[in-house]
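The values are calculated or read from the model by the stated rules, or taken from the named source; none is laboratory data. Not measured: the values here are computed from a predicted model. Positions of Cβ are backbone-derived with ideal geometry, glycine not excepted, and every protein chain shown enters the neighbour counts. Side chains included, ligands, DNA and RNA excluded: accessible areas come from the protein's heavy atoms. Shrake-Rupley method; radii C 1.70, N 1.55, O 1.52, S 1.80 Å.
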Amino acid sequence: MALLETRQLLKHFGGIMAVNDISLTIGEGEIVGMIGPNGSGKSTFVNLLTGLYTPDKGQTLFRGQDITGMQTHRITSIGISRTFQNLRVFQNVSVLTNILIGRHCQIDNPLWKIFLRPLAARKTEKEGREKAINFLKLANLADRMDEMAKNLPYGEQRLLEICRALASEPALLLLDEPCAGMNPVEMDTLAEFVRKIKAAGTTVFIIEHNMRFIMSVAERIIVLNMGKKFMEGNPKEIQADSGVQRIYLGEEEENPC
Amino acid sequence: MLIEVLIVGVMVGAIYSLVTIGYSMVYGILKLMNFAHGDVYIFGALLCYTLLAQFHLNAILAVVLAAVAGGLLASLVEFIAYRRLRAAQHRMISMITALGAAYVIQNSSELKWGNQVQSFPSLFPADHIVIMGSQVSVTHIFTLIIAVVVIVAFNLFLKYHKAGKAILCVSEDIPTSSLMGIPINKTISVVYFLGGVFGVLGGVLYSASYNAISISMGFRGTIIAFTAAVIGGIGSMGGALIGGMILGLSENLISVYVSSSYKDPITFLILIGILLIRPTGILGRTEAGKV
Amino acid sequence: MLKVDGIYTQYGKIKVLNNVSFEISAGEIIALIGANGAGKSTFLKTVSGLIRPTQGRVTFMDRDIQGVAPEKIVSAGIAHVPEGRHVFARQTVQTNLEIGAFIRSDAAEIKKDIERYYDIFPILGERRNQPAGTLSGGEQQMLAIARGLMARPRLLLLDEPSMGLAPFLVNEIFRIVGQLHEQGIAIVLVEQNVKKALKITQRAYVMELGQILYHGKSSDLIEDDRVRKSYLGET
Amino acid sequence: MEKDAGSLIQNNSSKSAVVRRILITGICAAAILGLPLVVQNTYYIGIANFMIIYTILCMGLNLILGYTGLLSLGHAAFYGIGGYVTAILMTRHGFSFLPALLISGILAMIFGMILGIPTRKVRGDYFCLLTIAFGEIFRLVAQAWIPFTGGAMGIVAIPIPKIFNWVIRSEVDFYYLGLILVGFTWLSLTLLIGSRFGRAFVAIREDDLAASVMGINTPMYKILAFSIGSFYAGLAGSYLAVYQTTITPSSFRLEESCLMIIMVIVGGMGGMLAPISGVIIMTLATEAFRSLAEYRMLIIGVIMVVVLLFRPQGLFGTAAFKD
């Protein structure tokens, strides 16, 4: 069974079909990429998956369970986590706290326990903290855990955001343009990090503009154009496809229609 | 009886619309809750009161002077308390500075004029005419006419004058307006100025028609403007009119048929209801957010 | 006419432009191409004053304009037609055009210009009293271009004019851009339709990750494999 | 100075730092506890008692504004609910102080919960407007509903509170009662803030959308923060009722809410103890100008504008507003 499956997902804003009839599957343990020119519906697609938008038609299944229209925080708690295209790290808290917030669903401390059994609650906190530090170690950020997130350089903030998403221990990690604003060196670090995540058993779905990055990281790529799935294949096939070239470079011939 | 209540209601509604227009315009451009609006309006009205009662100035001259002073004060507030915060700051910060500015103006006015209710001189003859069997005061008729004329004139200005069109464009999209060559800061100052002028006009008309003025009307003015703007759809001119009318009429009906001490709580309840049920107001548009 | 010398621009911590230099002479038409996120729009915004560069110089007709407010840059003769059109949706088509001429005060000439653009774009003439928000995407794009031209600019910055348009409209837009060039307006064209953009321009700059990778004659770049690579990654 | 919610459960500071911290805390505690022994003048103790009331109010408001980022200008209403509930229960229904205190807090919390529900639907600035409207309705109804609230004259002759055998009568008695309430407020809030709940609040303040993607049920947490913060306001109101022995609507005007907001902001939002410094500074500032009582709101207004223009993160805080 596929980890995630969408069936004829459709979303329009006013008259614009942002996502038009997209069906796809993501298997356990894959790194899947999604590309497409600006406005082709990639971000809308991710927002549909994570419950920020509700589709007008179609279904999303996660491990066979229908999650269409489920609230965002519920979707996170059942194992889908994401990052954002425009960095959304919690700026005014420490690096470690960012991760701890990411572990919100994993730290089991109900409200009554905090007031009535404070010592037991504290113990749970401490354990959560240790686990959180392990996540920071993955991205080599452990030695900066007490720093305010806003004081990290941009590339590290992006890694931190991914770490934070990982901290909820998702089965599926969605990365929305993780390379935006990065320099080539930071991109290499990121590529390595993504492979590490996959090796640790998490399925990764990446939306990206930067072709060099996506071609080197993804095993399978889905191309969107004007809200529709245009094709899917491995990086070689995508690069060689004349249709994809046309999407990206435009038509050479005057096309009367 | 009912006719009279309705006419007074429409008059108060027209005044409220006048006060709301300036408020709503500011919100339309800067998305800023201008808490100082009512205090500017009461400052102007009190100034007008002094000019009339103490200096015995010609009524028209006094009103014009007070309105200009109110307009200048409004643009001064914008310059001092808001302009710095406009770039990339949280909206809440300017809300709080706006409140602070409101207190400064209110308190300064209080130091000058005290917090007692004072009797505002009449601007119009104290005659009555009979409409459909009811006595209606000439003051109310004149007030209504003035308010309507000003509102119509302003709408024509927005529609047909170059500067008016520029204001509308700035309220839609600031960066693009600057690409058209519209000076943004200047336009915003003008909007504040006009908002202050209309506010003071409204305040003067209101005080004159009730022959009373007091500092506490300032905060009420702000709330009225808020509520009317929200009812009609904040940022929209037509909405300001409708909102003002609804408020003026309902307020008078409540005062007469329920109790005047519940007229303000009910105004607030209307505000809460509108915010919960239709936060964009009757004519408002929904703004789509992008993630 | 416009000379950009080593500008750096950033949004908060993100460095978007990294030592970009650029030049266009009067009457020239130049394409600026590169994958998404390369910094093309930011470049245009820096020229038109919407964003201040952190370093570098922008001179237009021998005048420094970096850090100058956008409304003054319009008066200097640069019109920027932003990406996504940004017409004033609640105003009529006519008002949009009039506002485009905000910096001018020659009422009679403005009227003539408006009529001229109604001739060039008949659909706008038909809809002159409709709010611009009710126009279709293509019509809005035409309006945005016409509005930009109402300022009688010497240099026109066009950001993604064909984005989201049906193919026949794309051709129409390109035809119009070609005409404008023939009238002697210098044009910087940012375009995702690379092949078409290279066809109608004289020279082109290719951007990647906030830098100008190379520039050259458009006719040479059409066949250049580097362009394809920067869009589709290395093979 | 840079601290955040997570670092409250600090455990890797060095030994000497811990000793120093305990020492400082001890000295402060001793000074606060011993204050009435040194200061005999009851006028000053009275000022201290008002500082205590504002400390409780501001700690609660800080949870709402500083931690969760909700701008509430209706805090005085919850304060008032507490005051009126205690006044009515004790004068008309023969309740003793402790149950009245508890019920006051809980009723304020319930109203907070009800008012918190719209936060899920309404934008930040509209929410602020809602809280203003709520606060004004509360005050106007308290003024108009004479049979129940005593109207503008309020409720008078609230009995002297007694906790078991402790009759709380003098300024000093009230001082210690206040300290107990502050202690309770501080302790319970510290536990809350140091937990995943506190972090969830901060996450909402920093970025609502990202918070929901972390699995945080943001509407529920906003209601939670709002109602818990209101609970403390109810306690403070209850204390005010027995302290003043009268309760009138004029104690709960919008100006009071503004004053609390500005105290929280001046102190610096988002630190547990930061509001206290705001309370002290603002109380002393307005106290110093007592002879110029008519300038009080003018001063507060100027401070509001100046602080936000030049140091929106407050004098001691770090959590600036974020869009």
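For the range C:108-119, a residue qualifies if it is open to solvent by 70 Å² or more (accessible area, probe 1.4 Å) and among the aliphatic types (A, V, I, L, M), and exactly one does: C:A108. Each residue in the range A:44-75 was checked for being among the polar types (S, T, N, Q) and either at pLDDT below 90 or open to solvent by less than 10 Å² (accessible area, probe 1.4 Å) (or both), and 3 of them qualify.
Inspection of the range A:207-214 finds a residue satisfying the criterion of being modelled with pLDDT of 90 or more and more than 14 Å from the chain's Cα centre (by Cα).
Determine, yes or no, whether D:D125 is modelled with pLDDT under 85 and charged (D, E, K, R).
On the way: modelled with pLDDT under 85: yes; charged (D, E, K, R): yes.
Yes, satisfied.
Here the range B:150-190 is the region considered, the condition is being open to solvent by less than 40 Å² (accessible area, probe 1.4 Å) and of a type in the set (D, E, K, R), and the residue that is nearest to C:M150 (Cα to Cα) is B:K165. Taken together, A:A180, A:A240 contain a single residue that is over 30 Å from A:P55 (Cα atoms), open to solvent by 10 Å² or more (accessible area, probe 1.4 Å), within 14 Å of chain C (Cβ to nearest Cβ) and of a type in the set (G, A, S), which is A:A240. Scan the range D:1-31 for residues that are modelled with pLDDT of 50 or more and part of a helix (DSSP H, G or I) and the total you get is 17. B:V197 meets all of the listed conditions (1) more than 11 Å from chain D (Cβ to nearest Cβ); (2) in contact with a Phe, Trp or Tyr (Cβ under 6 Å, 6 or more places away or on another chain) but one, namely (2).
Listed by first and then second residue, the pairs linking a residue in the range C:15-41 that is within 14 Å of another protein chain (Cβ to nearest Cβ) to a residue that is assigned to a strand (DSSP E or B) and open to solvent by 20 Å² or more (accessible area, probe 1.4 Å), with Cβ atoms under 6 Å apart and 6 or more places separating them unless they lie on different chains, are C:V16/C:Q10; C:L17/C:Y8; C:N18/C:Q211; C:G34/C:E208; C:A38/C:E208; C:G39/C:V16. Checked against (1) touching a residue at least 40 places away in the same chain (Cβ under 8 Å); (2) open to solvent by 10 Å² or more (accessible area, probe 1.4 Å), A:R246 meets all criteria but (1).
Any idea which residue in the range B:121-143 is nearest to the chain's Cα centre (by Cα), counting only those that are aliphatic (A, V, I, L, M) and open to solvent by less than 40 Å² (accessible area, probe 1.4 Å)?
Within the range B:121-143, the subset aliphatic (A, V, I, L, M) is B:123, B:126, B:129-132, B:136, B:138, B:141.
Those left that are additionally open to solvent by less than 40 Å² (accessible area, probe 1.4 Å): B:136, B:138.
Values: B:V136: 25, B:V138: 23 Å.
Result: B:V138.
Restricting attention to the range A:113-136, and to residues there that are small (G, A, S) and under 28 Å from the mean Cα position of the chain (by Cα), which single residue is surrounded by the fewest Cβ atoms within 10 Å (Cβ to Cβ)? Can you show your working first?
Residues of the range A:113-136 that are small (G, A, S), as a first pass: A:120-121, A:128, A:132.
From what is left, the residues that are under 28 Å from the mean Cα position of the chain (by Cα) are A:128, A:132.
Values: A:G128: 20, A:A132: 27.
Ranking the candidates gives A:G128 first.
With respect to the conditions (1) over 17 Å from C:V87 (Cα atoms); (2) over 21 Å from the mean Cα position of the chain (by Cα); (3) within 14 Å of chain C (Cβ to nearest Cβ); (4) not small (G, A, S), B:D173 lacks only one, and its number is (1). When the range D:73-89 is limited to residues that are of a type in the set (A, V, I, L, M, F, W, C) and buried (at least 24 other Cβ atoms within 10 Å of the Cβ), the one that is farthest from D:F174 (Cα to Cα) turns out to be D:L73. Inside the range B:145-183, residues that are closer than 23 Å to B:I234 by Cα and touching a residue at least 24 places away in the same chain (Cβ under 8 Å) make up a count of 12. Here C:P70 passes the criteria (1) within 14 Å of chain B (Cβ to nearest Cβ); (2) over 16 Å from the mean Cα position of the chain (by Cα); (3) over 30 Å from C:D224 (Cβ atoms) except the one numbered (2). Under the condition of being open to solvent by 30 Å² or more (accessible area, probe 1.4 Å), within 14 Å of chain D (Cβ to nearest Cβ), assigned to a helix (DSSP H, G or I) and touching a residue at least 60 places away in the same chain (Cβ under 8 Å), the residues counted in the range B:230-271 number 0. Here's a check for you: in the range B:95-120, which residue that is open to solvent by 40 Å² or more (accessible area, probe 1.4 Å) and part of a loop (DSSP other than H, G, I, E, B) is nearest to the other protein chains (Cβ to nearest Cβ)? Per the criteria, the residue is B:N115.
Each residue in the range D:95-147 was checked for being under 30 Å from D:I160 (Cα atoms), part of a helix (DSSP H, G or I), more than 9 Å from chain B (Cβ to nearest Cβ) and without any contact (Cβ under 8 Å) to a residue 40 or more places away in the chain, and 5 of them qualify. Residues in the range C:10-26 that are more than 19 Å from C:L155 (Cβ to Cβ) and among the polar types (S, T, N, Q) were compared, and the one that is least open to solvent (accessible area, probe 1.4 Å) is C:N18. Residues that are within 15 Å of the chain's Cα centre (by Cα), more than 14 Å from chain D (Cβ to nearest Cβ) and open to solvent by 10 Å² or more (accessible area, probe 1.4 Å) within the range B:206-229 comprise B:Y206, B:M217, listed in sequence order.
What do you reckon, is D:M304 within 14 Å of chain B (Cβ to nearest Cβ), surrounded by 18 or more Cβ atoms within 10 Å (Cβ to Cβ) and at pLDDT below 85? So that I can check it myself, show each step before the final result.
Working: within 14 Å of chain B (Cβ to nearest Cβ): yes; surrounded by 18 or more Cβ atoms within 10 Å (Cβ to Cβ): yes; at pLDDT below 85: yes.
Answer is yes for this residue.
Restricting attention to the range D:184-217, report how many residues are among the polar types (S, T, N, Q), crowded, with 24+ Cβ neighbours inside 10 Å and within 20 Å of A:I75 (Cα to Cα).
1
Evaluation of A:R164 against the conditions (1) without any contact (Cβ under 8 Å) to a residue 60 or more places away in the chain; (2) in contact with a Ser or Thr (Cβ under 9 Å, 6 or more places away or on another chain) shows that the sole unmet condition is (1). Consider the range D:35-60 and keep the residues that are open to solvent by 20 Å² or more (accessible area, probe 1.4 Å) and aliphatic (A, V, I, L, M). The one that is nearest to D:Y232 (Cα to Cα) is D:M51. Quick check on the range C:90-101: of everything there that is facing chain B (nearest Cβ under 7 Å) and open to solvent by 40 Å² or more (accessible area, probe 1.4 Å), which residue is nearest to C:A151 (Cα to Cα)? My answer is C:E98.
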